[in-house]
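What follows is a single structure, written as structure tokens, with notes after it.
What follows is calculated from the coordinates using simple rules that are stated; it is not laboratory data. Owing to the predicted nature of the structure, the values given are computational and were not obtained by experimental measurement. Ideal geometry is used to build each Cβ from the backbone, glycine not excepted, and the neighbour counts take in all protein chains shown.
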Amino acid sequence: MSGPLRPGLRALGALLLGTACSSQSEPSRDDRSPERRPAEVVTSASAEPRADEAPEAPPPEPKLPLRARLRVESSSSYPGWPATNAIDGDETTSWYSGSNDSVAQGNRPFLYVELTDPGPLRTVTILGNRDPSFYNGYAILEGQLDVFDGAGRLVTTLSQKSAGERHDFKFELPRNLEGVGAVRFTSTKDEGKRNHWGDVAIAEIVFE
């Protein structure tokens with residue numbers, strides 16, 4: 001016959017009952033953690049052009065003026081009056097050949113001008129000396145123009161006598177001549193015996 005529970009057993013039963021209730025009502029650690037949502041995928045518009053859109057072409061580079069695309073050499077130059085004076089756009093700054101570099105002194109002075117970007121030319125004008133410090137006695141009276149293509153081949157040769165007070169030349173190039181790469185102007189008759197230094201001068205070479 002069972003008797004009343006002893007005090008120790010009552011306490012143990014109460015403790016077990018409380019623990020069971022506690023385990024049923026207490027949320028788990030996982031239940032309290034914040035809800036995890038799938039990460040959002042962010043997309044951006046592609047920089048690539050669409051198949052039906054052609055990419056924009058870059059703007060063309062500006063072409064330098066003709067004078068800026070020239071290189072010049074000479075048979076010789078008097079110090080202080082270089083060959084570049086003949087392509088600087090200033091008619092009062094002349095190129096002078098070196099001392100005794102003239103036909104009158106037994107030589108053939110020349111200027112050789114190269115186009116870094118070969119192209120069509122119609123006329124080549126040689127302006128005689130216009131340097132106000134040494135105005136007279138340096139003229140080229142007759143000259144020869146050799147024309148070369150972009151590969152350096154001689155394509156035509158023209159000869160003329162100078163004209164006008166300042167002894168200018170104007171050479172008309174053949175109309176079917178394309179791709180001029182260089183020209184060489186050579187004195188064939190000059191005033192090399194009319195000045196103390198035996199040289200000649202050219203004010204400017206003009207291409208058109």
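Which residues, taken from segment 162-199, are assigned to a loop (DSSP other than H, G, I, E, B), free of Cβ contacts under 8 Å to residues at least 60 places away in the same chain and hydrophobic (A, V, I, L, M, F, W, C)? Listed by number, the residues that qualify are 173, 177. Filter segment 95-134 down to the residues that are within 14 Å of residue 167 (Cβ to Cβ) and of a type in the set (S, T, N, Q), then identify the one that is surrounded by the fewest Cβ atoms within 10 Å (Cβ to Cβ). Among residues in segment 95-134 that are within 14 Å of residue 167 (Cβ to Cβ) and of a type in the set (S, T, N, Q), the one surrounded by the fewest Cβ atoms within 10 Å (Cβ to Cβ) is 125. Based on this model, can you work out whether residue 153 counts as in contact (Cβ under 8 Å) with a residue 12 or more places away in the chain and either of a type outside the set (Asp, Glu) or touching a helix residue (DSSP H, G or I) at 6+ places or on another chain (Cβ under 9 Å) (or both)? Criteria not met by residue 153. Checking each residue in segment 135-185 for being out of contact with any His (no Cβ under 8 Å at 6 or more places or on another chain), crowded, with 18+ Cβ neighbours inside 10 Å and under 19 Å from residue 93 (Cα atoms) picks out 138, 167, 168, 169, 185.
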